[in-house]
Amino acid sequence: MSLLRHSATTLLSQMSDGKLSSVELVQEYLEQIERHDGRVKAFLRVDAARALKQAAAIDDRRSRGESLGPLAGLPVAVKDLLCDEGQLCTCASRMLADFRPPYDSTVVAKLKAADAVLLGRTNLDEFAMGGSGENSAFQVTRNPWNLERTPGGSSSGAAACVAAAMAPLSIGSDTGGSIRQPAGLCGITGLKPTYGRVSRYGLVAFASSLDQVGPLAGSAEDAALLLEVLAGHDPRDTTSINAPVPRYSQTIGQPLAGLRLGRVREHFGPGLDPEVSAAVEAAVEVYRSLGATVCDVSLPHEKYGIATYYIIAPSEASSNLARYDGVHYGYRTDERAMHDELAAERKQLAATIGKRDFDAQADAVENPLLRMYRQSRSEGFGPEVKRRIMLGTYTLSAGYYDAYYVKALKVRRLIANDYEAAFRSCDMLIGPVSPTPAFKIGEKHSDPLAMYLVDLYTVGANLAGIPGISIPCGRSRDGLPIGLQLQGPAMSEERLLRSAHMFQRNTDWHLARALLD
Ligand code: GLN
């Protein structure tokens, strides 16, 4: 069997048993990337030399009998919005095309401390805003199961690279579904942890009250391995939860007796593709056959989820993205050209309105600082990011703050209350991840509302701060993966992973890899 088919868990034990070196393994993945990534375009950058050097250093330390970290020698791909000291961190934006952070994000620092090999940086929707990867300023990632289709987003490269066996593990971020949705559309496992479970320090902020980093992997078992490394308290993130990290990878095999699943009524309503519905219902039956009880639950405010999310997320984004002003860091417009243009405009204005009027008006017309801000932001950001900044600036503006932003916060509380109530009668919620399998590239790109509606079943977890996991549970007639979502109360990752594992032990949807089959 090809090495690329092995789980991360198996690869780690092969390395620790001395049957496999990290250099061999990294080479294997680099070759797979070489073979396929020209078409898939999951990676923005692969640093083969650095990865091989890290791998060789780990092999060397192993041969000397040194004790090694829990991911020793295993390649991990990182979404291009987590700081890695001195390395480019572009967020798939022209704005940060040349940005090299001077420090490590906590997540990257933890990967390094765990002796993981940093394979490369994966593509995303610009600043993680989007659901198809098409908003990247640099390239469009394709779904490895069908290159005409989107892999989902915003962690498009992170999902595609695992699905195509170009990395065993990857890191994504999820603000409204960006780990779970691409994992679902690419047929892999992705977990969005409880808000505060994983540090956001050094994660480039999109919507700070919703952003959460998490693992994408080939199975729940592998996701557990990675989450165990990522999770934990971080004094550098004030929203980080100070609670011990369970040994997810050790407990994952423990059986779950008396599991009570809540089938979310609102997640099986209009708009749900019949094939997705059938696959998810079949998964519900699998759980039933394994001894789980299933009851119907309702999340009555869920229907306001999209509207609420698309007020809160852009509001926070408009504030977070104010820092990209062309002055502190990031892209700055070509100032020489700008000054030449200003001089020409000044000259023309003076000729049109006469010297005296011109002196009175000149400042208002041509403040060079404002022009520099405006041009830097106009040229540095793509259309979706601009749309979010405008939406958010509007919803936070004096006249509309109460009507939109404050109202959205209130509805957010109602949505969180619904989840709390639901978890009184069941341990976990079960339903689809996305309303349809992977859609075509270009299909929704020019229709923002259609794109936003894809997030129907995922934004709730972010608004409520609870964890959710996406696991593959079927295939459409066209061979596209279908995802199943499980959601649990805050800090229930251990149980989510165990439930996902229970499903994966009894099914084999998660074993398929695109481009290998
Ligand atoms: N698709 C959602 C959005 O565009 C979610 C993005 C995310 O989770 N980063 O905002």
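Computed values, structure above
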item	result
Meets criteria (open to solvent by 10 Å² or more (accessible area, probe 1.4 Å), of a type outside the set (D, E, K, R) and under 25 Å from Thr106 (Cα atoms)) for Val286	no
Residue check for Pro151: within 15 Å of the ligand (Cβ to nearest atom), in a loop (DSSP other than H, G, I, E, B) and either closer than 21 Å to Leu480 by Cα or open to solvent by 10 Å² or more (accessible area, probe 1.4 Å) (or both)	yes
Test: Gly253 is in contact with a Leu (Cβ under 6 Å, 6 or more places away or on another chain) and either of a type outside the set (Ser, Thr, Tyr) or more than 21 Å from Ala317 (Cβ to Cβ) (or both)	no
Residue within segment 347-369 that is within 16 Å of the ligand (Cβ to nearest atom), charged (D, E, K, R) and open to solvent by 30 Å² or more (accessible area, probe 1.4 Å) present	no
Total residues in segment 99-108, condition open to solvent by 10 Å² or more (accessible area, probe 1.4 Å) and either within 15 Å of the ligand (Cβ to nearest atom) or in contact (Cβ under 8 Å) with a residue 60 or more places away in the chain (or both)	4
Answer residue from segment 205-219, given it is touching a Phe, Trp or Tyr at 6+ places or on another chain (Cβ under 8 Å) and open to solvent by less than 20 Å² (accessible area, probe 1.4 Å) and is nearest to Gly460 (Cα to Cα) among those	Leu210
Counted residues, segment 172-211 - those being within 9 Å of the ligand (Cβ to nearest atom) and in a loop (DSSP other than H, G, I, E, B)	10
Hey, Glu134 within 13 Å of the ligand (Cβ to nearest atom) and open to solvent by 10 Å² or more (accessible area, probe 1.4 Å) or not	yes
Within segment 404-517, helices (runs of 4 or more DSSP H) holding 1 or more residues that are away from the ligand (no atom under 16 Å from the Cβ) and either crowded, with 19+ Cβ neighbours inside 10 Å or among the β-branched types (Val, Ile, Thr) (or both)	407-425, 493-506
From Ala116, Ala164, Ala183, Ala160, residue being out of contact with any helix residue (DSSP H, G or I) (no Cβ under 7 Å at 6 or more places or on another chain) and open to solvent by less than 10 Å² (accessible area, probe 1.4 Å)	Ala116
Tabulated pairs, segment 155-167, first under 14 Å from Gly38 (Cα atoms), second within 16 Å of the ligand (Cβ to nearest atom) and in a loop (DSSP other than H, G, I, E, B), C-beta under 6 angstrom, 6+ apart or interchain	Gly157/Asn123; Gly157/Thr141; Ala160/Thr141; Ala160/Pro151
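Conditions tested, residue by residue: (1) farther than 20 Å from Ala8 by Cα; (2) surrounded by 20 or more Cβ atoms within 10 Å (Cβ to Cβ); (3) touching a residue at least 24 places away in the same chain (Cβ under 8 Å).
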| site | (1), (2), (3) |
| --- | --- |
| Tyr29 | no, yes, yes |
| Arg39 | yes, no, yes |
| Phe43 | no, yes, yes |
| Pro70 | no, no, yes |
| Ala77 | no, yes, yes |
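The values are calculated or read from the model by the stated rules, or taken from the named source; none is laboratory data. No experiment lies behind these values; they were computed from the predicted model shown. When we count neighbours, we look across all protein chains shown, and the Cβ atoms used for this are built from the backbone with ideal geometry, even at glycine. We work out accessible area using only protein heavy atoms, side chains counted, and drop any ligands, DNA or RNA first. Shrake-Rupley method; radii C 1.70, N 1.55, O 1.52, S 1.80 Å.
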